[in-house]
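The following block contains the structure, expressed as structure tokens.
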Amino acid sequence: MVDLATWQTARDELLVREKAHTHEGDAIAAARRRLPMVEFDGTVEVVGPDGPVPFLDLFQGRDELVVYKHMWYDGAPHQGQCEGCTTTAWHLDDAAYLNARGVSFAVLTTGRADEVAAYVAFMGYTQPWYSVRDVAEPVGGAMGYLTCYLREGDRTFLTYSTTGRGNERVNSAMGLLDMTPYGRGEAWEDNPEGRPVLGDVREGYPAEGRQACWYWRSDADGNATWGPTGRPVPQWTRPGAGPVESLGRQDGPH
């Protein structure tokens, strides 16, 4: 513990690094805008809530499109879907500001259309979801990424795609947790000596720190669980939400 002036000095020192990080991010974004593009057939069909449509329809008349490619486990209950993908999708449920800048948004997944529709209804998502099952890259293919496309008339182009932790930039909860003194409370973080790792004394968490399901699956008391009373964390915030036995997995996580 220190006085405010000492804290401000340390804060100002960190600010120099933060500004450098921001400026480097600007430079990377500039380079990203200069990446070469890959043209592909925009008439390839994907399956939405009203049936097959050409990929071009996802642009909704706009020139740019951002999609999240959501991984899918066939036959899994809602809580058995990928915790990372579902958390990302939860933070992308309003495209108003994208639309205002001429950019459309959609979620793509390799799941079967009927399973996807049930999942979307359960989660209450409002953005459009499309099945790209058996569709080749760059529309289908590997999932778990944010991908950007450009349209010029009826021509479509792949312009950019994230990998791994590149998805974190759209997850506001992770960004805010990174500002807090305890951080995300995950085992991989570099924390001050003696700083507690959140969750390491709660039921269901190993001593070395939380596992990924802490931010996706929990029981009504907020404990991470794979059991029959488990439910996506955001579901518990809804009035009247209760345990749904059919959501449980008997064979553990995928």
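Do we have Gly183 as over 30 Å from Pro239 (Cβ atoms) and either touching a helix residue (DSSP H, G or I) at 6+ places or on another chain (Cβ under 8 Å) or at pLDDT below 90 (or both) here?
When the stated conditions are applied, Gly183 passes them.
Residues checked against (1) modelled with pLDDT of 95 or more; (2) assigned to a strand (DSSP E or B); (3) on the phi > 0 side of the Ramachandran plot:
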position: Lys69; (1), (2), (3): yes, yes, no
position: Gln79; (1), (2), (3): no, no, no
position: Asp93; (1), (2), (3): no, no, no
position: Tyr97; (1), (2), (3): yes, no, no
position: Ser104; (1), (2), (3): yes, yes, no
position: Val107; (1), (2), (3): yes, yes, no
position: Tyr119; (1), (2), (3): no, no, no
position: Tyr125; (1), (2), (3): no, no, no
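Right, something else. Considering only residues that are touching a helix residue (DSSP H, G or I) at 6+ places or on another chain (Cβ under 8 Å) and among the hydrophobic types (A, V, I, L, M, F, W, C), look in segment 119-147 and name the one that is surrounded by the fewest Cβ atoms within 10 Å (Cβ to Cβ).
Phe122
Got a number for residues in segment 22-64 being in a helix (DSSP H, G or I), under 23 Å from Gly166 (Cβ atoms) and not basic (Lys, Arg)?
13
Can you name the residue in segment 168-185 that is touching a Gly at 6+ places or on another chain (Cβ under 9 Å) and not in a loop (DSSP other than H, G, I, E, B) and is also surrounded by the fewest Cβ atoms within 10 Å (Cβ to Cβ) among such residues?
Arg169
For (1) surrounded by fewer than 16 Cβ atoms within 10 Å (Cβ to Cβ); (2) hydrophobic (A, V, I, L, M, F, W, C); (3) part of a loop (DSSP other than H, G, I, E, B); (4) at pLDDT 75 or above, each residue gets a yes or a no:
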residue: Ala220; (1), (2), (3), (4): yes, yes, yes, yes
residue: Trp226; (1), (2), (3), (4): no, yes, yes, no
residue: Pro239; (1), (2), (3), (4): yes, no, yes, yes
residue: Ser246; (1), (2), (3), (4): yes, no, no, no
residue: Arg249; (1), (2), (3), (4): no, no, yes, no
residue: Pro253; (1), (2), (3), (4): yes, no, yes, no
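Output the qualifying pairs, or none if there are none: Cβ atoms under 8 angstrom, residues six or more apart or on different chains, first residue in segment 179-193 and without any contact (Cβ under 8 Å) to a residue 24 or more places away in the chain, second residue assigned to a strand (DSSP E or B).
Pairs found: Ala187/Arg210.
Right, here's the next one. Out of Gly144, Gly75, Gly84, which single residue is farther than 24 Å from Arg155 by Cα, out of contact with any strand residue (DSSP E or B) (no Cβ under 8 Å at 6 or more places or on another chain) and part of a loop (DSSP other than H, G, I, E, B)?
Selected residue: Gly75, the only one of Gly144, Gly75, Gly84 that is farther than 24 Å from Arg155 by Cα, out of contact with any strand residue (DSSP E or B) (no Cβ under 8 Å at 6 or more places or on another chain) and part of a loop (DSSP other than H, G, I, E, B).
The values are calculated or read from the model by the stated rules, or taken from the named source; none is laboratory data. On a predicted model such as this, the values are computed, not experimentally measured, just so you know. Here Cβ is always computed from backbone atoms with ideal geometry, including for glycine, and neighbour counts include all displayed protein chains.
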